[in-house]
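The values are calculated or read from the model by the stated rules, or taken from the named source; none is laboratory data. Source: prediction; values computed, not measured. No Cβ is skipped: glycine too gets one built from the backbone with ideal geometry, and neighbour counts run over all protein chains shown.
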Amino acid sequence: MRARRARGTLAAVVGAALLLAGCAQDPADGPEESGKGGGKGSGAARVTLTVGVFGAFGLKEAGLYDAYMEQNPGVLIEQTSIERNENYYPQLLTHLGTGSGLADIQAVEVNNIAEITATQSEKLVDLGKVAGVDKAAYLPWKWAQGTAKNGATVGLGTDIGPQGICYRKDLFAAAGLPTDRAAVGALWAGDWNKYLEAGRQYKAKAPAGTSFVDSASGVMAAVTGGSAQRFYDEQGKVVYKTNPAVRASFDLAASFATEGLSAKLQQFTPAWDQAFANGTFATVSCPAWMLGYIQDKAGPAGQDKWDVAQAPRPSNWGGSFLVVPKAGKNAAEAAKLAAWLTAPAQQARLFEKRGSFPSASAAYALPTVSGARHAYFGGAPIGEIFAQAAQGVPVTVVGPKDLVIAQNLADIGMLQVDQKGRSPEEGWQAAVKAIDNALDQ
């Protein structure tokens, strides 16, 4: 379960979880032994490496632990998973604070990585110095997210959520819009305001009972996900109120609500899920991990009705990291494993098996990525589409309370505009009040 959790981010937890279509283990079930590690030397004493993750993280499910143990018969890997990140992450902070109870490798969700690099970097191994780790193999913005101010790269990225726009070809055709993905992408290329204009064109001939987008909040998240500066500045100051990019994204998204282009749904709710099956909206901002979610919720009836085109501008929603606590019993061996798990070849395998898009740009030329197509979405070349999007995402300033700010902008501010008919200004002020209270400002 990964990507942006809690609607603004629970999207990551719930969305990626359903994408991966796996079940997480409750910690009460104890650690999961991934395998027996191959035959050679299996009778000899082995180093046990523990990995702590949230949700169906994908590494075990993709067979990566078994592959590593086959190559390294002196290593045994055990994984423990806590289902939801909101339960996992506070425990991780507590264990880092006490220096005990830590796994040898811990996963960190993207919305928590800024707090980890800012407050916990001295307790983590600098993975940028591990043999075999090549900074040039990774997307610059993803590498930067895992790097602390002292220059130590304490988090190696596992995956990302580059965004496209998923759309219903049958609804576009009924509304007189093009259906070819290149032509669809051309409708709004380079400007989110063109996406709004496409919505107006759709509304003019929309099939009865349908809307152009699922929610105004989804649009806002996609637009802000492509901004170099969002909620914090480079000095760590909260600037969302004075950052014109944030207010512009809020006002643009609100236009989808006030102009009747939104289905007024709240993402990752039963009503939203049912709307996929009913075909009641024509487009949704769509990170790579959401393809599996759509396929699951729209079901067999939606096959080849959905397609995916480039978003107006590159944007990212979701992703995770691996960190290695210095307090772990086997920090050196764990660092080697973390480096291997996040190397381009393994990220390509994770994408092939689980749909998690690589954060290592060196993986994009590998056949399993470059040649990837999605049959459900009309054979869309998803490797090409999302690689292009990923490489255009700017290096984004991330802050320790990004999740709090994003959630309140969406669920307090934009939801009032979308569902309750409040004015954009009223919605904005409600969000600001809630955020300031949450941040004690």
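Any residue that is closer than 18 Å to residue 167 by Cα, assigned to a helix (DSSP H, G or I) and of a type outside the set (Lys, Arg) - is there at least one of those in region 346-358?
No, the conditions are met nowhere in region 346-358.
Considering region 176-202 alone, what residues qualify as being over 25 Å from residue 379 (Cα atoms) and either surrounded by fewer than 16 Cβ atoms within 10 Å (Cβ to Cβ) or out of contact with any Ser or Thr (no Cβ under 9 Å at 6 or more places or on another chain) (or both)?
If the condition is that a residue be over 25 Å from residue 379 (Cα atoms) and either surrounded by fewer than 16 Cβ atoms within 10 Å (Cβ to Cβ) or out of contact with any Ser or Thr (no Cβ under 9 Å at 6 or more places or on another chain) (or both), then 191, 193, 194, 197, 200, 201 are the ones that fit.
Would you check if there is a residue in region 275-286 being crowded, with 24+ Cβ neighbours inside 10 Å, out of contact with any strand residue (DSSP E or B) (no Cβ under 8 Å at 6 or more places or on another chain) and in contact (Cβ under 8 Å) with a residue 24 or more places away in the chain?
No: zero hits.
Quick check, is residue 370 surrounded by fewer than 21 Cβ atoms within 10 Å (Cβ to Cβ) and in the same structural domain as residue 96 (by TED's automatic domain parsing)?
yes
Applying the selection to region 102-129, what residues are modelled with pLDDT of 95 or more and among the small types (Gly, Ala, Ser)?
103, 107, 121, 128, listed by residue number.
Considering each residue of region 385-403, count those that are touching a helix residue (DSSP H, G or I) at 6+ places or on another chain (Cβ under 7 Å), in a helix (DSSP H, G or I) and either surrounded by fewer than 20 Cβ atoms within 10 Å (Cβ to Cβ) or in the same structural domain as residue 365 (by TED's automatic domain parsing) (or both), and give that number.
So the count comes out to 1.
Out of everything in region 136-170 that is touching a residue at least 60 places away in the same chain (Cβ under 8 Å), part of a helix (DSSP H, G or I) and in contact with a Lys or Arg (Cβ under 8 Å, 6 or more places away or on another chain), what residue ends up being nearest to residue 233 (Cα to Cα)?
169
Among the numbered conditions (1) crowded, with 20+ Cβ neighbours inside 10 Å; (2) touching an Asp or Glu at 6+ places or on another chain (Cβ under 9 Å); (3) assigned by TED's automatic domain parsing to the domain that holds residue 141, tell me where residue 312 comes up short.
(3)
Does residue 336 count as outside the structural domain of residue 182 (by TED's automatic domain parsing) and assigned to a loop (DSSP other than H, G, I, E, B)?
So residue 336 does not fit the description; no.
Identify all residues within region 218-248 that are among the polar types (S, T, N, Q) and under 19 Å from the mean Cα position of the chain (by Cα); write none if there are none.
224, 227, 229
Test each condition in (1) within 18 Å of residue 92 (Cβ to Cβ); (2) touching a Leu at 6+ places or on another chain (Cβ under 8 Å) for residue 122 and report the one that comes out false.
With respect to (1) within 18 Å of residue 92 (Cβ to Cβ); (2) touching a Leu at 6+ places or on another chain (Cβ under 8 Å), residue 122 is out only on (2).
Just to be sure, is residue 123 of a type outside the set (Ser, Thr, Tyr), over 23 Å from the mean Cα position of the chain (by Cα) and over 25 Å from residue 81 (Cβ atoms)?
Taking the combined requirement at face value, the residue does not satisfy it.
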